[in-house]
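Working notes, beginning with the structure itself.
Here, each number is a calculation from the coordinates, and none is a lab measurement. For clarity, every value in this text was computed on a predicted model and none was experimentally measured. Here Cβ is always computed from backbone atoms with ideal geometry, including for glycine, and neighbour counts include all displayed protein chains.
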Amino acid sequence: MSDQLKIKLSIADRVYPLTINPLQEEGLRAASKKIEGMIKQFEKNYAVRDKQDVLAMCALQFAAMVEQRVIDKDNNTDEALDKLRSLDDLLKQKLA
């Protein structure tokens, strides 16, 4: 356990002490900054009752981004397969 790192992250005016693998630190700190920025944007642009509402909106936005990447990746894979099939058909015609 000596290779673990203890850090504190502040999110929505709360401090979260974490024990992490040192390789995770940069990603966690970047994610914390993104969440804080998103919180400020939501509070600036919308009438928000409390931090829980803002955090729920942040969670929804992050989850939507992840899901959209999965959808985009699937679409890109389908497009690539279609192109490969077309090329394969073209090669078969030329070689026949």
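Full extension of the chain segment joining VAL15 with ALA59 gains 14.0 nm, where the gain is 0.36 nm per residue of separation less the Cα-Cα distance.
Listed by chain and number, the lysines placed with their C-alpha closer than 21 angstrom to that of LYS6 are LYS33, LYS34; residues fewer than eight positions away on the same chain are left out. Loop-located chymotrypsin sites (Phe, Trp or Tyr not before Pro) in the range 5-96 (DSSP state not H, G, I, E or B) with no more than 12 neighbouring Cβ atoms inside 10 Å: TYR46.
Within the same chain, aspartates and glutamates fewer than 8 places from LYS83 are excluded, and of the rest, those with a Cα less than 20 Å from its Cα are ASP72, ASP74. FRET efficiency for the ARG29 to LYS73 pair, using the beta carbon distance and R₀ = 22 Å, is estimated at 0.25. Applying a DSSP loop filter and a limit of 13 other Cβ atoms within 10 Å to the trypsin sites (Lys or Arg not before Pro) in the chain leaves ARG49. In angstrom, the C-alpha Rg and Dmax of the chain are 22.3, 70. In sequence order, the range 82-88 has phi-based couplings of 4, 5, 5, 5, 4, 5, 4 Hz under the Karplus curve 6.51 cos²θ - 1.76 cosθ + 1.60, θ = phi - 60°, and Gly or Pro positions carry x.
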